[in-house]
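Colleague: Once you've had a glance at the structure underneath, I'll fire off some questions.
The values are calculated or read from the model by the stated rules, or taken from the named source; none is laboratory data. Quantities reported herein were computed from a predicted structural model and do not represent experimental measurements. In this analysis, Cβ positions are derived from the backbone assuming ideal geometry, glycine residues included, and neighbour counts consider all displayed protein chains.
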Amino acid sequence: MSAADFLNLFIAAVLLAGVYAAMSVGMTIIYGVMKIVNLAHAGFLMLGAYFVFEAYDRFKIDPLLGVLLAFPVFFFIGMGVHWLLVRRIATSDQPTLTSLLLLFGVWLVLQNLGYLIWGNSDRAILTPRTLSSVEIGPISFPTIRLAVFIVAVASLVGLEFILHKTWFGRSVRALMQNKEAGQIVGVNVNRTAQIAFGVGIAFAGAAGGLLAMLYSFNPDFGASFQLRAFVIIVLGGLESFGGVAVGSLILALAETFVILILPASYQPAIAFSLLVVALIVLPEGIAGLWAKRRRWA
Amino acid sequence: MGQEAPVGVKEGADSGGSSVSRFVSVVVPLLLLASLAALPLASPSPNIIRLLFVTLTLVTASVGWNLIGGFAGQISFGFAVFYGLGAYTTALSINGGVPPLIAFLLGAIVAAVASLLIGLPTFRLKGPYFAIATIGVSEAVRVVMMNVPFTGGASGYRIIDKTRFVQSHHYYTALVLAVLAVGISILVRRSKLGLALIAIREDQDAASDLGVNPFVAKLLVHALAAALAGAAGGVYARYALFIDPDGVFAFRNGVAILLMPIIGGVGTIWGPVIGAFVYGLIHEEVVANFPQAHLLIFGSLLILIILFEPGGVVGLFKKFMRSLRARSSVGSHS
Amino acid sequence: MAPILKLKNLTRYFAGLAAVKDVSFDIEPGGLVGLIGPNGAGKTTLLSLIAGSLKPTSGKIEFEGENLAGAKSFRAVRAGIARTHQIPKPFRTMTVHENVEVGLRFGRHEKAAGTAKKAEEFLEMVGIAKLAQRPAFLLSVGDLKRLELARALAARPTLLLCDEICSGLTETESGLILRLLCDIRGAGTTILYVEHNLRAIMSVCDPVIVMNYGEKLAEGTPAAVQNDPSVIEAYIGKKATI
């Protein structure tokens with residue numbers, strides 16, 4: 001394999017990692033603040049995909065713009081879901097079975113809604129951009145992947161900004177570290193939780209739109225990406241944003257380069273196997289490993 | 001401490017036990033069993049027998065899941081893997097000339113062994129990580145089975161059953177298996193293992209601090225649960241005569257196996273049985289009349305149960321009994 | 001007689017902070033040893049290490065000649081160590097009786113016959129016998145503490161680790177528990193007792209060990225320890241020199 005080939009694969013993996021990170025960060029926020037594993041994440045990925053699709057198909061809105069629109073729309077959807085359902089269950093410092101099952105139920109409902117509204121068939125978002133590619137010397141990659149990568153990274157940067165420079169972000173980080181201490185210093189837990197849930201779903205919807213620009217989709221769409229999000233979060237630790245970046249890169253690299261060894265139909269199994277192996281070797285994710293390093297001081 | 005009883009509080013606690021509840025929990029199941037056993041003699045339509053057959057296999061899987069998910073509190077989303085392994089093992093065995101009963105047993109054994117392989121690494125994981133891992137394992141096995149040519153891959157696998165098809169044979173097999181499953185469930189619940197499992201569910205660290213070995217207990221009950229799910233898959237396979245990975249290893253099967261005990265009352269003896277019947281009958285109705293709304297209905301049901309009555313049908317029943325008792329004691333003071 | 005428990009250079013770090021550092025002491029069989037120290041001194045961590053709930057970073061724990069460092073807590077129970085928890089950890093959906101049953105059936109002597117009767121005895125000892133059929137999640141903190149003790153006792157330990165079992169109890173209830181501890185000790189169980197109530201400790205324990213910042217500060221009779229300048233400094237502070 002030539003150097004150019006290798007570089008091409010590598011760049012493809014990095015571009016993919018960006019999108020994967022945007023896809024997973026939503027779960028991290030929700031888990032970090034509320035200790036809830038959002039199994040409905042897949043459903044919102046799927047809805048995001050259809051949202052951007054419809055925006056393009058009916059209203060001729062450029063998909064990238066559609067993704068940006070998805071942020072506020074899904075933010076309010078997320079806040080709504082929280083108000084309607086999530087706030088009614090008790091949460092604690094440990095993830096609860098109740099929250100797991102509740103959001104699982106939401107996922108089932110969303111999946112079915114998808115089927116009812118859009119039916120079974122595969123859709124795809126095809127723009128002139130989809131077919132063109134960027135070429136720099138021997139390296140080439142589809143323009144769409146670059147565009148998606150840029151939007152993904154931009155949104156992650158935006159999230160970092162929110163987390164570190166705004167009041168809300170500080171509350172989130174406080175609650176992620178110690179919920180009781182946060183309450184004592186005056187963080188409004190319920191408000192922050194609701195907003196955090198909204199942000200998490202916003203990222204799910206927008207990421208779904210981004211993914212829809214790369215892959216064809218149907219109402220089952222979210223499931224395989226949800227599993228990838230799990231892998232990423234497990235690799236990176238459920239509560240670490242840096243970990244999400246690392247995990248995304250690892251998964252993207254594994255998926256991209258494994259095509260050299262195994263036939264394509266096994267590809268879905270990569271994510272699953274990586275997940276299981278990761279859980280066995282790193283029960284607390286890479287972030288846990290990082291934390292452990294300090295223990296030997 | 002809140003006054004709302006958490007899911008799993010034993011019925012009758014702190015009131016010296018209710019004789020009505022005890023009566024109900026013995027007589028009703030016996031009546032049910034008797035009617036189920038006598039049913040084929042009344043020559044109902046084959047469709048009804050088929051429906052009940054499937055429901056009875058669901059009872060076995062549901063009761064099995066409840067051993068590890070309800071008693072021990074280890075929520076597995078991936079029980080389809082055991083159901084599927086049991087189905088394929090039984091199918092392969094029957095085609096290999098093995099008598100059906102042995103084939104079912106082999107299915108159960110393979111599933112149990114798989115549960116040890118899966119449990120050893122995954123039981124170290126905390127709550128959500130464990131649940132996620134079970135999804136990963138189940139789906140990984142499904143994808144692998146889709147690609148393995150030996151068992152037919154995605155096209156599925158056919159059983160060539162040389163014996164004549166007698167529907168009631170299959171029906172009674174499923175019934176006996178279901179009764180066996182419930183029997184095992186009752187035995188486990190009343191045994192030392194059952195005590196250990198509930199202690200582990202409530203607080204694994206405290207259980208260990210009192211001498212319970214959580215690893216052995218979890219692995220043991222997981223194997224039992226997997227064996228039951230595997231047997232259920234095997235019994236189904238022999239009836240259906242055709243199985244495929246997208247059918248038996250489907251994630252939605254794992255969902256169903258999880259949903260049934262929750263609907264009926266997770267952690268109780270009869271909850272999984274009730275839940276299996278509710279699910280089996282609703283499933284049939286839904287698929288017949290609202291095939292498009294299958295997940296919607298079950299998803300909403302799950303949401304409603306979680307929000308309003310986490311104890312499922314059994315929980316509702318207990319609340320009802322308690323309100324009756326309260327009302328009767330109020331009356332006696334007047 | 002050989003010490004029933006020997007700790008040698010026991011250490012436990014949590015991400016760079018030493019919760020327990022180089023702690024060594026012996027406990028003679030039949031002793032009622034008190035363990036005191038300001039908040040955060042590492043007393044509960046030390047108990048957790050001995051009980052096997054936590055793994056030490058380094059050091060030795062020798063119980064009746066057997067090295068238990070790193071063994072999980074259920075192994076320690078089989079060997080004869082049982083503990084109570086500072087923050088009670090009841091099995092919430094079980095009744096009080098069933099909670100004790102767990103200790104009874106999985107503790108050091110495992111007998112199936114006569115289990116039910118014996119559980120009542122332990123409930124009687126700590127004074128919550130009338131709560132036997134009550135689900136644990138309904139109990140008050142004081143009753144939960146007593147349940148902790150009953151459960152641990154039901155495991156028939158030769159070494160009992162008590163973590164602040166008198167907090168949340170009235171004066172009378174505490175007195176009952178202290179008398180109970182002396183009775184148990186008289187019947188042959190060795191006890192390591194962590195407590196904040198200094199009067200309680202000083203009245204029944206001998207020797208007393210003092211910890212601060214994860215290290216052993218002092219060890220001796222109650223009188224000796226009370227007059228130890230470093231102990232006084234730890235609790236009250238040094239006399240200011242202006």
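Condition check ((1) of a type in the set (D, E, K, R); (2) in contact with a Phe, Trp or Tyr (Cβ under 7 Å, 6 or more places away or on another chain); (3) at pLDDT 85 or above; (4) assigned to a helix (DSSP H, G or I)) across all residues:
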residue	(1), (2), (3), (4)
A:ASN120	no, no, no, no
A:ARG145	yes, no, no, yes
A:ILE150	no, no, yes, yes
A:GLU160	yes, no, no, yes
A:ARG170	yes, no, no, yes
A:LEU175	no, no, no, yes
A:GLY205	no, yes, yes, yes
A:GLY209	no, yes, yes, yes
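Colleague: Something else: Which one is nearest to B:VAL24 (Cα to Cα) among residues in the stretch B:306-322 that are within 8 Å of chain A (Cβ to nearest Cβ) and in a helix (DSSP H, G or I)?
Modeller: B:ILE306
Colleague: For the stretch C:1-27, which positions are touching a Phe, Trp or Tyr at 6+ places or on another chain (Cβ under 6 Å) and without any contact (Cβ under 8 Å) to a residue 60 or more places away in the chain?
Modeller: Correct list: C:LEU7 only.
Colleague: In the stretch B:283-320, how many are farther than 19 Å from A:LEU110 by Cα, modelled with pLDDT of 85 or more and surrounded by 12 or more Cβ atoms within 10 Å (Cβ to Cβ)?
Modeller: 11
Colleague: While we're looking at this one, here's another question. Quick one: is A:GLN111 surrounded by 17 or more Cβ atoms within 10 Å (Cβ to Cβ) and either away from every other protein chain (no Cβ under 14 Å) or touching a Gly at 6+ places or on another chain (Cβ under 8 Å) (or both)?
Modeller: Criteria met by A:GLN111.
Colleague: Can I ask one more? What tally of residues in the stretch C:31-43 results from selecting those that are small (Gly, Ala, Ser) and at pLDDT 90 or above? Outline the logic, then answer.
Modeller: Of the residues in the stretch C:31-43, the ones small (Gly, Ala, Ser) are C:31, C:34, C:37, C:40-42.
This time we only want the ones that are at pLDDT 90 or above, so: C:34.
Going through the stretch C:31-43 one residue at a time, the tally reaches 1.
Colleague: Name the residues in the stretch C:84-93 that are within 8 Å of another protein chain (Cβ to nearest Cβ) and under 10 Å from C:ARG151 (Cβ atoms), would you?
Modeller: Pass one, the stretch C:84-93, residues within 8 Å of another protein chain (Cβ to nearest Cβ): C:85, C:89-93.
C:HIS85, C:LYS89, C:PRO90, C:PHE91, listed by residue number.
Colleague: So, restricting to strands (runs of 3 or more DSSP E) that lie completely within the stretch C:1-100, which ones have at least 2 residues that are of a type in the set (Lys, Arg) and surrounded by fewer than 19 Cβ atoms within 10 Å (Cβ to Cβ)?
Modeller: Those strands (runs of 3 or more DSSP E) span C:5-14.
Colleague: From the list B:ALA131, B:ALA154, B:ALA174, B:ALA181, exactly one residue is within 14 Å of chain A (Cβ to nearest Cβ), touching a residue at least 12 places away in the same chain (Cβ under 8 Å), in a helix (DSSP H, G or I) and farther than 27 Å from A:ILE280 by Cβ. Which is it?
Modeller: Among B:ALA131, B:ALA154, B:ALA174, B:ALA181, only B:ALA154 is within 14 Å of chain A (Cβ to nearest Cβ), touching a residue at least 12 places away in the same chain (Cβ under 8 Å), in a helix (DSSP H, G or I) and farther than 27 Å from A:ILE280 by Cβ.
Colleague: Does at least one position in the stretch B:114-127 carry a residue that is farther than 30 Å from A:LYS35 by Cα and at pLDDT 90 or above?
Modeller: yes
Colleague: Show the residue pairs that are 6+ apart or on different chains and have beta-carbon atoms under 6 Å apart, the first residue being within the stretch C:60-79 and within 11 Å of C:ILE50 (Cβ to Cβ), the second being in a loop (DSSP other than H, G, I, E, B).
Modeller: Going by the 6 Å Cβ cut-off, the qualifying pairs are C:ILE61/C:LEU68; C:ILE61/C:ALA69; C:ALA69/C:PRO56; C:ALA71/C:GLY52; C:SER73/C:GLY52; C:SER73/C:SER53; C:ALA76/C:GLY52; C:ALA76/C:LEU68.
Colleague: Of (1) closer than 18 Å to C:TYR193 by Cβ; (2) outside the structural domain of C:VAL204 (by TED's automatic domain parsing), C:VAL96 satisfies all except one. Which?
Modeller: The number of the failed condition is (1).
Colleague: Restricting attention to strands (runs of 3 or more DSSP E) lying wholly within the stretch C:132-242, give those where 2 or more residues are more than 18 Å from C:SER48 (Cα to Cα).
Modeller: Strands (runs of 3 or more DSSP E) meeting the threshold: C:215-220.
Colleague: Something else: Any idea how many residues of the stretch A:33-59 are within 13 Å of another protein chain (Cβ to nearest Cβ) and assigned to a helix (DSSP H, G or I)?
Modeller: Residues of the stretch A:33-59 that are within 13 Å of another protein chain (Cβ to nearest Cβ), as a first pass: A:34-43, A:46.
With the extra rule that they be assigned to a helix (DSSP H, G or I), the set shrinks to A:34, A:41-43, A:46.
So the count comes out to 5.
Colleague: Name the single residue that is surrounded by the fewest Cβ atoms within 10 Å (Cβ to Cβ) among those in the stretch A:60-99 being within 12 Å of chain B (Cβ to nearest Cβ) and either at positive phi or in contact with a Phe, Trp or Tyr (Cβ under 8 Å, 6 or more places away or on another chain) (or both).
Modeller: A:PRO95
Colleague: Next up: Conditions first: (1) under 24 Å from the mean Cα position of the chain (by Cα); (2) more than 7 Å from chain A (Cβ to nearest Cβ). B:VAL166 passes all but one, so which condition is the exception?
Modeller: (1)
Colleague: Related question: Somewhere in the stretch B:144-151, is a residue outside any helix (DSSP H, G or I) and more than 9 Å from chain A (Cβ to nearest Cβ)?
Modeller: Yes, some residue in the stretch B:144-151 is outside any helix (DSSP H, G or I) and more than 9 Å from chain A (Cβ to nearest Cβ).
So that you can scan it fast, the table gives a plain yes or no per residue for (1) surrounded by 24 or more Cβ atoms within 10 Å (Cβ to Cβ); (2) polar (S, T, N, Q); (3) outside the structural domain of C:VAL194 (by TED's automatic domain parsing); (4) at pLDDT 90 or above:
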site: C:HIS109; (1), (2), (3), (4): no, no, yes, no
site: C:GLN133; (1), (2), (3), (4): no, yes, yes, yes
site: C:ASP163; (1), (2), (3), (4): yes, no, no, yes
site: C:GLY168; (1), (2), (3), (4): no, no, no, no
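Colleague: Now for a different question. May I ask you to verify whether B:ALA114 is within 14 Å of chain A (Cβ to nearest Cβ) and within 19 Å of A:SER224 (Cβ to Cβ)?
Modeller: no
Colleague: Six or more apart or on different chains, Cβ under 6 Å: which pairs go from a residue in the stretch A:22-46 that's more than 25 Å from A:TRP118 (Cα to Cα) to one that's among the acidic types (Asp, Glu)? Could you list them?
Modeller: Partner pairs satisfying both residue conditions: A:GLY32/A:GLU239.
Colleague: Of all residues in the stretch A:212-234 being more than 12 Å from chain B (Cβ to nearest Cβ) and aliphatic (A, V, I, L, M), which is nearest to A:GLY43 (Cα to Cα)?
Modeller: Filtering first and then ranking leaves A:ALA212.
Colleague: Within the group C:ARG151, C:ARG156, C:ARG105, which residue is within 12 Å of chain B (Cβ to nearest Cβ), within 19 Å of B:SER208 (Cα to Cα) and without any contact (Cβ under 8 Å) to a residue 12 or more places away in the chain?
Modeller: Matching residue, one of C:ARG151, C:ARG156, C:ARG105: C:ARG105.
Colleague: Could you tell me whether any residue of the stretch B:113-123 is of a type outside the set (Phe, Trp, Tyr) and outside any helix (DSSP H, G or I)?
Modeller: Taking every residue of the stretch B:113-123 in turn, none turns out to be of a type outside the set (Phe, Trp, Tyr) and outside any helix (DSSP H, G or I).
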